1. Could you order peptides 80-91, 105-116 by the average number of other Cβ atoms within 10 Å of their residues, highest first?
2. Rounded to the nearest 0.05, what FRET efficiency do GLU104 and ALA31 give with R0 = 35 Å and r taken as the Cβ-Cβ distance? Could you check?
3. Enumerate the lysines that LYS122 could reach by cross-link, defined here as Cα to Cα under 29 Å, with residues fewer than 8 away along the same chain left out.
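What follows is calculated from the coordinates using simple rules that are stated; it is not laboratory data. Note that the coordinates shown come from a computational prediction; the quantities given were computed from them, not determined experimentally. Note that we place each Cβ from the backbone using ideal geometry, even for glycine, and neighbour counts take in every protein chain shown.
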Amino acid sequence: MLPLISFNFFNDRYSCVDSSRKSPMDVATLANALVNLSPEQQQKMLGELLYPLVERLEPFFADKITGMLLEIEQTEILHLIESPEALKDKVEEAIDVLGDWIPEQEKMLEQEAYELQASFLKAKL
C-alpha cells in the first residue's frame, strides 16, 4: 500500500507541496509515487495536480486544456508541474489550438443543424 501524499496546490511556485514537510515536492518524489500506480491512477493523479495550475492561467478552458496536457509524455507533464514558465507556454499553445478548433466545431454544428432541419422538413412532407 502506498503512503498517502497530500498536496497543497496553491503555493507561490505553482508546484506541489508535501504538506507534512511544507516544502516543494521534487519531481523525483512525484515520479516515484507514480511508478506504483496503474496508468488510470497515474492519469488521475497528474490531472488532479495539473488542473488547479492550469485553472489559474486559463479558468474558462481549464478542463479542456488539462485533458490536452494529459495526452503528452509523463516526463513532460512532470516538467510542467515543476516549471510555471513551461506550463504557461504549454497553456498558451493549447489556447492557440483551441482558437483554431472552436470555429471548426461551430461550422460542424451549423451543418448538423441544417441537415437536421432539412430531414425534419422532409419527414413532414
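1. 80-91, 105-116
2. Numbers: r = 36 Å, r/R0 = 1.04.
In this case the efficiency is close to 0.45.
3. LYS107
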